[in-house]
Amino acid sequence: KAKARGKGGYRVFHSRMHKQAVSLLALETDLRKAVERHEFEVHYQPILSLAPSLIVGVEALVRWRHPTRGLIAPMEFVPMAEETGLIVDIGGFVLAEACRRVAAFNAQAGPKETLFVSVNLSVRQFDHEGLVDDIRRVLADTGMAPELLKLEVTESAIAANPGQAALLLESLRELGVGLSMDDFGTGYSSLSHLHAFPFDTLKIDRSFISGLGQIGDKNGKIVHSILALAKNLDMSVIAEGIETDVQWERLVDMDCRLGQGYRFARPGPFESVVDGAAARSSSPDTPDPDTH
Ligand code: C2E
Ligand code: MG
Ligand code: MG
Ligand code: MG
């Protein structure tokens, strides 16, 4: 027992636990207020065709504009939002906002310049009965073409309740939207999930992309196998987290068509990201001189 180790030890232990509990409670309270006060915003990261690099879509990524702490990344609040169920409201906002933005962009774009938008879905949103109706309504309200909306779901979200997930994904499919398996390769039993659920796109987790082109290049073989598997299953592939020219080149060599990553653009406000990506497009044979 901590107490037996002396008064001081007990106090340190106790005060650390106490601080943690207090700060978690503060986060929860803050998060509830943030939902009421609409403190969330959506950033976008371009998804590109890799050869030549042209923006074909964007992934919507939520941020919390905290009144005193500034911009907060999802890692710091999405877990709490999931635990408390607040992710249902936050996710609903992200979906509506992303569809509104991209539908407006597409309305003024040429037929070959339209973008798709990917929106992350939390497993907690699966429990929410109105999810399918909510999505149907957002599509109608924003004029977003269903085939240009892709919903990203992780393997772990499906593993939590495969039966429920299967039914839900089928109803989402009936809306005409795309379904992407996010972070592919990080969960367990990836292969059985691919076969059993109606995904049309597979996103290779960035942990596999980061080692591409390094000595040994074990990741190259894994990525190669994933690409072959996807081809056999008639699925598209998006490589996540491309940071270097070498990784980009390796992916193009392996005939991976789509990707996203800091090499091309970090997530940011819609206009800056879309304009910036268009200006920087090139192919890996002729890397632009002003990027490193
Ligand atoms: P994710 O869906 O896998 O999104 C990709 C994450 O990788 C993003 O982090 C993105 O900024 C980051 N990333 C992209 N390219 C690179 C790269 O080249 N290098 C590195 N190191 N990172 C890169 P972000 O925006 O911090 O989001 C983290 C995670 O939070 C997301 O992972 C997703 O699981 C979750 N998330 C974000 N927005 C939402 C949302 O609206 N709803 C839900 N449920 N989850 C969200
Ligand atoms: Mg994602
Ligand atoms: Mg991902
Ligand atoms: Mg991820």
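The values are calculated or read from the model by the stated rules, or taken from the named source; none is laboratory data. As the structure is a computational prediction, the values presented were derived from the model and not from experiment. Cβ sites come from the backbone with ideal geometry, for glycine too, and all protein chains shown count toward neighbours. Each accessible area value is taken on the protein alone, full model and side chains, heavy atoms only, with ligands, DNA and RNA left out. Shrake-Rupley method; radii C 1.70, N 1.55, O 1.52, S 1.80 Å.
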Original post:
Using the Kirkwood formula over every pair of different C-alpha atoms, what hydrodynamic radius in Å results for the chain?
Top reply: 20.7
Original post:
How many Å³ per residue does the convex hull of the Cα positions in segment 131-264 occupy?
Top reply: 111
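Reported to two decimal places, what Rg/Rh ratio describes segment 1-132 when computed on Cα atoms with Rh from the Kirkwood expression?
That ratio is 1.17, to two decimals.
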Original post:
Out of residues 5 or more away from Gly57 or on other chains, whose amide H comes under 5 Å of its own, with H placed 1.01 Å from N in the peptide plane?
Top reply: Ile47, Phe116
Subject >> Restricting segment 60-113 to chymotrypsin sites (Phe, Trp or Tyr not before Pro) in coil, as DSSP defines it, with at most 10 other Cβ within 10 Å >> reply: none
Original post:
Which residue fluctuates the most in the chain, going by a Gaussian network model with Cα springs under 10 Å, if the choices are Gln247, Gln164, Gln108?
Top reply: Gln108
Original post:
On alpha-carbon atoms, Rg over Rh for segment 133-196 using Kirkwood Rh?
Top reply: 1.01
**OP:** Quick one: which residues, 5+ away or cross-chain, put their amide H under 5 Å from the amide H of Asn120? H built at 1.01 Å from N.
**Re:** Ala60, Glu152
Subject >> Residue-wise HN-Hα coupling along segment 196-213, computed from phi with Karplus coefficients 6.51, -1.76, 1.60 (Hz; x: Gly, Pro) >> reply: 8, 10, x, 6, 10, 9, 10, 9, 6, 4, 5, 4, 7, 7, 4, x, 4, x
Subject >> Hz values of 3J(HN,Hα) by residue in segment 109-125 - Karplus curve (6.51, -1.76, 1.60), Gly and Pro given as x >> reply: 8, x, x, 8, 9, 5, 10, 8, 10, 9, 10, 6, 10, 8, 4, 5, 6
Subject >> GNM top mover of Gly70, Gly187, Gly91 - the chain, alpha-carbon springs below 10 Å >> reply: Gly70
**OP:** For the chain, with all protein chains present and a 1.4 Å probe, just round the carbon and sulfur fraction of the accessible area to a whole percent.
**Re:** 54
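Rounding to the nearest 20 debye, state how big the charge dipole of segment 93-247 is about its Cα centre with +1 on each Lys and Arg Cβ and -1 on each Asp and Glu Cβ.
The calculated dipole for segment 93-247 is roughly 220 debye.
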Original post:
Under unit Cβ charges (Lys, Arg +1; Asp, Glu -1), what dipole magnitude, rounded to 20 debye, does the chain have relative to its Cα centre?
Top reply: 1560
Subject >> Cleavage-rule hits (trypsin sites (Lys or Arg not before Pro)) in segment 110-184: DSSP loop, at most 14 neighbouring Cβ within 10 angstrom >> reply: Lys112
Original post:
For the chain, modelled as a GNM with alpha-carbon contacts under 10 angstrom, which of Pro267, Pro111, Pro146 fluctuates the most?
Top reply: Pro111
Original post:
With the contact rule set at Cα under 8 Å and sequence spacing of 6 or more, what percent relative contact order holds for the chain?
Top reply: 19
Subject >> Rg/Rh (Cα only; Kirkwood hydrodynamic radius) as it applies to segment 21-60 >> reply: 1.37
